[in-house]
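Here's the structure we're looking at; comments come further down.
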Amino acid sequence: MGQKSTENLFEGIRQSKERPLHRLIYALGISDVGEHAAYILAGRFESLDQLAKASREDLEAVPEMGPVTAASVFEFFRNPAAQKTLAALKKAGVRFDLVEKQTKENFFSGKTCVVTGSLEKLERDAAEALLRRLGAKPSGSVSRKTDLLVVGQNAGSKLRKAQELKIRIIEEQEFYRLLEENHVNF
């Protein structure tokens, strides 16, 4: 391995230790905890240590957290194998407290949003991460619960379904304008 490759490898390792808390929670593979639930838990508890100490009642009190997910999280942190893994991660220097703060109340707050088609400036994962930061709940499918569809180029069946259900649809440029209005860099 050459010098530059070695430097890149160490830089990648260093950066992996400083990922946002919600990504760490999701990566732990806790049963019933998807990306959205991980984001909500990170915002509520603000560190993995606080989340690990949470009671079942504390977890059930978190908005959008049902009893099944709360039980899964509670049990995960009491599992000796999980505790051993977390201790090893901490010893390796992984940060347990890097929380992306949600911005103030805005156009996207509380809305279920779907992104479809190809966006010019953002990958879909990046767009969904920005929506989460703005308090939205990104979804992969259009349903009656969907509040907003963000449409890029070559949108297909999701656009047709949103039109059928009379869901608000915004074009990519309007999406970027709304992000800028909420002081979100992308």
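Tabulated results
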{"item": "Rounded to the nearest 20 debye, dipole of the chain from Cβ charges on Lys, Arg, Asp, Glu", "result": "260 debye"}
{"item": "On Cα atoms only, tilt of 35-45 relative to the major axis of the chain in degrees", "result": "60 degrees"}
{"item": "More than 13 Å apart - percent of Cα-Cα pairs taken over region 112-181", "result": "60 percent"}
{"item": "Sequence-distant residues sharing a close amide H with Thr112 (under 5 Å, placed H)", "result": "Lys137, Asp147, Leu148"}
{"item": "Helical mean residue ellipticity (222 nm; -39500 (n - 2.57) per DSSP H run of 4+; nearest 500) of the chain", "result": "-14500 deg cm²/dmol"}
{"item": "Fraction of beta bridges assigned by DSSP in region 112-181 that are antiparallel (%, nearest 5)", "result": "10 percent"}
{"item": "From phi via Karplus (6.51, -1.76, 1.60), per-residue ³J(HN,Hα) for region 67-73 in Hz, x at Gly/Pro", "result": "x, 5, 5, 4, 5, 4, 5"}
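Taken together, the values in this text are just the output of simple stated rules run on the coordinates, not laboratory data. For clarity, every value in this text was computed on a predicted model and none was experimentally measured. Reconstructed Cβ throughout: ideal geometry from the backbone, glycine too, with neighbour counts over all protein chains shown.
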